[in-house]
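The values are calculated or read from the model by the stated rules, or taken from the named source; none is laboratory data. A quick note: this is a predicted structure, and the numbers were derived from the prediction, not measured. Cβ placement follows ideal geometry from the backbone for every residue including glycine, while neighbour counts extend to all protein chains displayed. Please note that ligands, DNA and RNA were not included when accessible areas were found on the heavy atoms of the full protein model with its side chains. Shrake-Rupley method; radii C 1.70, N 1.55, O 1.52, S 1.80 Å.
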Amino acid sequence: MSEERATKIWELHQSLVSRGSAGAECEQTFSFLGLTITVPPQVLAIGPVSYLLGEAVLAETGSGDRVLDMGTGNGVNGVLAATKGAEVLAVDINPHALEAARGNADRNGVGDRFEVRHSDIFSAVDGAFDLIIFNPPFRWFAAGNVYESATTDENYAALTRFFRQARKHLTGTGRVLIFFGTGGDLDYLHQLADEEGFRRETVSQHSRMIAGMQVDFVTYRLS
């Protein structure tokens, strides 16, 4: 990535952090793909392009699948998977996110097949999954607080560990749905996927202007 591009992404990150902090002063409730999702101030809210991954989850999940929602946040993608009859393990390092995810699963009637667990990537995850869902932080800067940790992953340490360990947590026909964009280093994600031998398919994509910069968003299926 060029120095100019990295500088633009840093400026975008600062703009989004400022906007997010200003908008996250109270609990918010969203109607999203048939769900009611409540998000506390310490957890990243549902955004304008969240449907790209959400719709992919609904299309990809089968009844009886074992699903891992990595970095669950408010829990929306795991809850969507559970509505399709999946057994879901939702993990996060943010305790506020785990509480929100549990509440949203119960609120939407899928709490009986939705487990939450504190885990740093796969540190508290066991077994193999038919589907892993991951909406990772897009950027590689250090997080200033727990809220910001949902949007930035210092030196992509967590993203790198995810790719290095993901294959051993997939069944023979298991797949990954991962959401990313050019608001981060998309080429690095491609590199990690290629190094670990994943076949990459584009499921959905969308471009929009954010803070004067075009950002391309994409959901991939990795198998």
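Using helices alone, what [θ] at 222 nm do you get for the chain, with -39,500 (n - 2.57) per DSSP H run of 4 or more residues, divided over all residues and rounded to the nearest 500? Don't jump to the answer; show the numbers that get you there.
Numbers: 6 runs with 73 residues, N = 223.
After summing the helix terms and dividing by the residues of the chain, the value is -10000 deg cm²/dmol.
Starting from the Cα-Cα distance between A124 and V146, subtract it from 0.36 nm times their residue separation and give me the gain in nm to one decimal.
Additional length available on full extension: 6.0 nm.
Taking the Cα centre of the chain as origin, sum charge times position over the Cβ atoms of Lys and Arg (+1) and Asp and Glu (-1), and report the length of that vector in debye to the nearest 20.
Charge dipole of the chain: 320 debye, to the nearest 20.
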Response to the item:
Averaged per residue, the 1.4 Å probe accessible area of the chain, protein heavy atoms only, in Å², is roughly 44 Å²
Item to complete: Using 0.36 nm per residue of separation minus the Cα-Cα distance, give me the extension gain between S223 and T29 in nm, one decimal.
Response: 66.4 nm
Worksheet entry | Under-5 Å amide H pairs with F141, H placed in peptide plane, nonlocal only | D153, N155
Response to the item:
Carbon/sulfur accessible area of the chain, % of total, 1.4 Å probe, equals 47 percent
Practice prompt. Tabulate in residue order the Karplus-calculated ³J(HN,Hα) for region 186-194, using 6.51 cos²θ - 1.76 cosθ + 1.60 with θ = phi - 60°, rounded to whole Hz; enter x for Gly and Pro.
Written response: 5, 4, 5, 4, 4, 4, 4, 4, 5
Practice prompt. Towards the positive end of the charge dipole of the chain, with charges on Cβ (+1 Lys, Arg; -1 Asp, Glu), say which of T83, N94, I46 has the farthest Cα.
Written response: T83
Discussion item. Run the numbers for R161 and D187: contour at 0.36 nm per residue of separation, minus the present Cα-Cα distance, in nm.
Written reply: 7.7 nm
